[in-house]
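Note sheet for the following structure.
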Amino acid sequence: MDTDAGQIDQVRRFNRTVSERVGALHDDYLGRGRPIGEARLLWEIGEQGQDVRRLRERLGLDSGYVSRLLRSLETDGLVTVEPQPLDRRVRTVRLTDAGRAERAALDGRSDELAGSLLEPLNTAQRARLVAAMAEVDRLLTAATVTLDAVDPDHPDAESCLRSYFTELQERFETGFDPARSLLPSAGELRPPHGLFLVARLHGETVGCAGLKLPPGAPAEVKRMWIAPHTRGLGLGRRFLAELEARAAEHGADVLRLDTNKALSAAIGLYHSYGFQEVAAFNDEPYAHHWFEKRITAEPSA
């Protein structure tokens, strides 16, 4: 999808305004004598400590930069960094008492900064700004999610499917038994017979979707699931668009799926995305609705 030059200019202008207004350009962030990167780590470490690798994934930083920030915080006596007893390759960072006090001071200064952004505005303007910030936060979070093709036996894929099956067990009137369902085998979701996608947000797996590509038959969407706390970010529609594109690349001109009547939000999504309800095309015991969508197959090279 092409991005309009005007949109690019607006995003860059917004980034410059925010960076300047929140003090991200200063090494003395919030007047605490440290750059924003160190302050951000103190917030992310939290009360229980944090795996250093998880910190890197959460903040999207390279290992060298995170190591330098942690060394500085450790030198100042604000954190400890220790290997885990069972796997010394995994390091855990924790706040010291001084680190907790510094984080509390940062919280106070951050509250003051937030107040200074709102104080010059009238009541209506404050409401508009806060609402706009919430929308920007939601959209930036959506833009941060990645879709990655993985093997169906990958731990992230298996974790997603376990969460998916647990939710179905809770929501279906009859419960859900994977042994009764027409689950595709792992081989049916591996290239060239299919694929399996996982969605990740800051390194956390937050969704999955599979695609069957049987020769001479319609492509079929299988096992699409999105973690509850990331619903509303448009991931369902994004999954469908990616699977449709992959099916078209494979030469398919029809995309199919089935679903249970309890999944009303999913049914609404399929209708809005252009799927049409059709007669049953399989014997899935948990399905009440069957859908198809005509797609444009890409011509063979």
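The values are calculated or read from the model by the stated rules, or taken from the named source; none is laboratory data. Everything quoted here is computed from the prediction, not taken from an experiment. Ideal geometry is used to build each Cβ from the backbone, glycine not excepted, and the neighbour counts take in all protein chains shown. Note: accessible area is taken over every heavy atom of the protein model, side chains too, but ligands, DNA and RNA are not part of it. Shrake-Rupley method; radii C 1.70, N 1.55, O 1.52, S 1.80 Å.
Couplings for the range 141-146, taken from phi via the Karplus curve 6.51 cos²θ - 1.76 cosθ + 1.60 with θ = phi - 60°, read 4, 4, 6, 7, 5, 10 Hz in order; Gly and Pro are left as x. Taken over the range 1-122, the alpha-carbon convex hull comes to 160 cubic angstrom per residue. Highest mean first, the peptides 166-174, 63-71 sorted by other C-beta atoms within 10 Å per residue fall in the order 63-71, 166-174. When the range 1-144 is described by a simple charge dipole with +1 on each Lys and Arg Cβ and -1 on each Asp and Glu Cβ, the residue from Ser67, Ala142, Asn15 located farthest towards its positive end is Ser67.
Between Leu121 and Gln10, what FRET efficiency comes out of the Förster formula 1/(1 + (r/R0)^6) with R0 = 25 Å and r the beta carbon distance, rounded to 0.05? After rounding to 0.05, the efficiency reads 0.75.
When only C-alpha pairs under 8 Å and at least 6 residues apart count, what is the relative contact order of the range 207-301, in percent?
Relative contact order of the range 207-301: 28 percent.
Highest mean packing first, where packing is the average number of other Cβ atoms within 10 Å per residue, the peptides 122-128, 93-99, 150-156 line up as 93-99, 150-156, 122-128. Between Leu233, Ala252, Ser272, the Cα set farthest toward the positive side of the dipole of the range 221-301 (charges on each charged residue's Cβ, about the Cα centre) is that of Leu233. Remark: accessible surface ordering of Leu30, Leu41 (largest first) is Leu30, Leu41, probe radius 1.4 Å. If R0 is 30 Å, the Cβ-Cβ spacing of Ala142 and Ser19 corresponds to a FRET efficiency of close to 0.90. The residue among Val79, Val90, Gly49 whose Cα reaches farthest toward the positive pole of the charge dipole of the chain, with charges on the beta-carbon of Lys, Arg, Asp and Glu, is Val79. Its Cα centre serving as origin, the chain has a Cβ charge dipole (Lys and Arg +1, Asp and Glu -1) of approximately 420 debye. Round to the nearest 10 and give me the degree value, 0 to 90, for the angle of helix 5-21's Cα axis relative to the longest principal axis of the chain. Compared with the principal axis, the helix lies near 30 degrees.
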